[in-house]
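Down below is the structure, laid out as structure tokens.
The values are calculated or read from the model by the stated rules, or taken from the named source; none is laboratory data. Just so we're clear, the structure is a prediction, and the values are computed from it rather than from any experiment. Cβ: placed from backbone, ideal geometry, glycine included. Neighbour counts: every protein chain shown.
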Amino acid sequence: MAQSHDRFEEVTLREFIFFMKTYRQNLEENIRIYLNVEGISDEEHFEAVTLLLRSFTEWFHHIHMGEMEEDIHNQLIDWLYAQISILSTERLYLFSLILQKAVTTLLKKEKIHKNDGFIMFLFNLQSDLLKTYQQIAKKEKQIPHRAPLTKLSQLLIRSSKTELPDILKKCEDWFGFKRCVFYGYIPWSNEFYGAVGTEVIKVQSMKGQLGENFSVFSTKKPIFLKDPKQLIRQEHIELFGLSSIIFLPILCEEQLYGWLTFDQKGEAFEYSKEELDYINEVGILLGLFFSRKSGNDMIQSIHLTQREHSILILLADGHDNKTIASMLYLSEHTVRDYVSQLMTKLKAKNRTQVVAIAFQSGLLH
């Protein structure tokens, strides 16, 4: 009888988080298997459920073990809101079913102590998610006024020479946000870079490789983070004073140009699924706009710092890093970093392309 009682011993949040972190790779392998076993015929459903499962395991991976257990409900709500643009009751059910099967198989294979306790914990967690989602879905739908979209569409059609900083300022004013930032995407290196927006020096300090640490840049759907701390590095939250934030991909015919972010400079806010669907139309309009613009026009909307411009001039004159460092009283390492920044901003593969694109775009004369 004592052994039977132990099998149903309750599992704490700390134990469950540790399990999810420790066996993440094994769990994701099981998830891939059961995704195929379920035979989800609808491709859009399959992609959405796959994204939900991946983001859920990643979410646990980023949870700090020392965080207060009573905060788990609010963190779950934040995760749920971040997925709201792809959620439906059917997809949430498939997500729960596949996750339960993957976890159950793993517990049996690894002979984890208190395995029934882990299963019950997961069941309660998923019930909480479903209940919360149903509450969100029942809320009165607030369809935003379409006048700002009409204004943006007219602006983009009327002038192909409109610069990106002006467009972002209009987006802030028309859609009711205090900050709008554009992050560009470099497909051949799978990198992002901060390009234009409020506090441009801070914005342009942002760059990196897409991957686990920047999962918000991996989505092709808009996401809303009520609390970004689970998916955005703490130093970046502090740099921009972030609270709630929206990430909006800029796409046209599957070509990704980058992302817009919208936030209220540290003030928390709510955003519904209907509002996300609405703001997604901004991304569609800008995707069409970017696809029409020539490469030159787009590059002209990217601003160089005075130091970057000085190094660009010296590159055009044919100087190497050592000579440039000597002329500007910098280290060779610093010059190399500046050259790398120029390659990123101008979407160039090497130093020669940097100079060629700079002349074509009017940055050099």
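From the list Leu94, Leu87, Leu76, Leu27, the lone residue that is modelled with pLDDT of 85 or more and either under 18 Å from Asp128 (Cα atoms) or among the basic types (Lys, Arg) (or both) is Leu94.
For (1) in a helix (DSSP H, G or I); (2) polar (S, T, N, Q); (3) within 18 Å of Ile186 (Cβ to Cβ), each residue gets a yes or a no:
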{"residue": "Leu315", "(1), (2), (3)": "yes, no, no"}
{"residue": "Gly318", "(1), (2), (3)": "no, no, no"}
{"residue": "Ala325", "(1), (2), (3)": "yes, no, no"}
{"residue": "Thr344", "(1), (2), (3)": "yes, yes, yes"}
{"residue": "Thr352", "(1), (2), (3)": "yes, yes, yes"}
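As for region 279-289, it holds no residue that is within 17 Å of the chain's Cα centre (by Cα), part of a loop (DSSP other than H, G, I, E, B) and of a type outside the set (A, V, I, L, M, F, W, C). Would you pick out the residues in region 30-47 that are assigned to a helix (DSSP H, G or I), modelled with pLDDT under 85 and not charged (D, E, K, R)? Val37, His45, listed by residue number. Taking every residue in region 55-70 that is of a type in the set (S, T, N, Q) and pairing it with any residue that is at pLDDT below 80 and outside any helix (DSSP H, G or I), at least 6 positions away or on another chain, the pairs with Cβ-Cβ distances below 9 Å are Ser55/Gln83; Ser55/Thr219; Ser55/Leu231. Filtered by the rule that a residue be of a type in the set (Val, Ile, Thr) and modelled with pLDDT under 85, region 117-163 gives Thr132, Ile136, Ile143, Thr150, Ile157, Thr162.
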